[in-house]
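Novice: Starting off with a structure, shown below.
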Amino acid sequence: LGLEQDDEAFVGFIRGDLNHLLIPTDILSGKMQVGYEDPKADIRSYSIRYYQPWLFNHAPIGFAWDIWTEFKNQILTKDKQLGTNEVIRNKRTGTDVILNFPLIKNRLSMSTKALYEDISPYDDSLVDGDDGFFNEYQIRSLSLGFSYSSILKMHNPSSGSYWNIQYEQGGDVLGVDVGGLNFYRVKLEAATFFSVMKDTIFGIHAVGGLF
């Protein structure tokens, strides 16, 4: 049980973990978020994850399967000529499968992800029509990523650096139409930490991307 902030509002959540469900070392976790929507309490989101750090305890490949339904606020352009935007609450339901391959032990890894997600308005009156301007859409994509870290303690870094780069392609992937929007995006995140004096650590963190 806990309390957290989401979309500028405090909401409650319930989270639980179940270890060794099918095989030793696997984990099944779930989370449900409850907020107050006028005039009653409402389930804002839920998510379930099944994770194996070693695939069937035989191959050094991390495996994760996620399922979720969540409600988020999204900024949409209502009038392109006037440049007016509006915040729209939408419902996102989806699933993904992630595989993680270690390339250099505790340093470099490669990951792949297949994503399947449907996005629709929380309020049906916002769907395209006489007064609507929200287009329901789908994301079907494949991702490839690389992660590097020379940090010994990620929860309390004192030196070292890390970087993550991810490329995601949706719609037309290598000549195969997987459905949903046609898009690509690249995200790069990097950080470095070093000691400037006793008990004082200086860090630099940067994030960038293309969409």
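Novice: Among the listed pairs Lys31/Lys105; Lys72/Lys105; Lys31/Lys72, which are separated by more than 26 Å between their Cα atoms?
Specialist: On the way: Lys31/Lys105 31 Å; Lys72/Lys105 37 Å; Lys31/Lys72 16 Å.
Table pairs above 26 Å Cα-Cα are Lys31/Lys105; Lys72/Lys105.
Novice: Set the Förster radius R0 to 30 Å, insert the Cβ-Cβ distance between Arg92 and His155 as r into 1/(1 + (r/R0)^6), and round the FRET efficiency to 0.05.
Specialist: My answer for the efficiency is 0.50.
Novice: For segment 172-196, list residues with backbone N below 16 Å from a point placed 7 Å from the Cα of Lys31 toward its Cβ?
Specialist: none
Novice: Please give the FRET efficiency for Asn73 paired with Ser120, using the beta carbon to beta carbon distance and R0 = 22 Å, rounded to the nearest 0.05.
Specialist: 0.95
Novice: Another question about this same structure. Computed FRET efficiency, Cβ-Cβ of Leu22 and Ile201, R0 45 Å: what is it to the nearest 0.05? Could the numbers behind the result be given before it?
Specialist: Details: r = 41 Å, r/R0 = 0.91.
Here the calculated transfer efficiency is 0.65.
Novice: What's the extension gain from Tyr148 to Leu210 if we count 0.36 nm per residue and subtract their Cα-Cα distance? Show your work: numbers first, answer last.
Specialist: Values: separation 62, 0.36 × 62 = 22.32 nm, distance 2.04 nm.
Roughly 20.3 nm would be gained on extension.
FYI, it's all coordinate maths here, none of it is from the lab. These numbers were taken from a predicted model, which means no experiment stands behind them. When we count neighbours, we look across all protein chains shown, and the Cβ atoms used for this are built from the backbone with ideal geometry, even at glycine.
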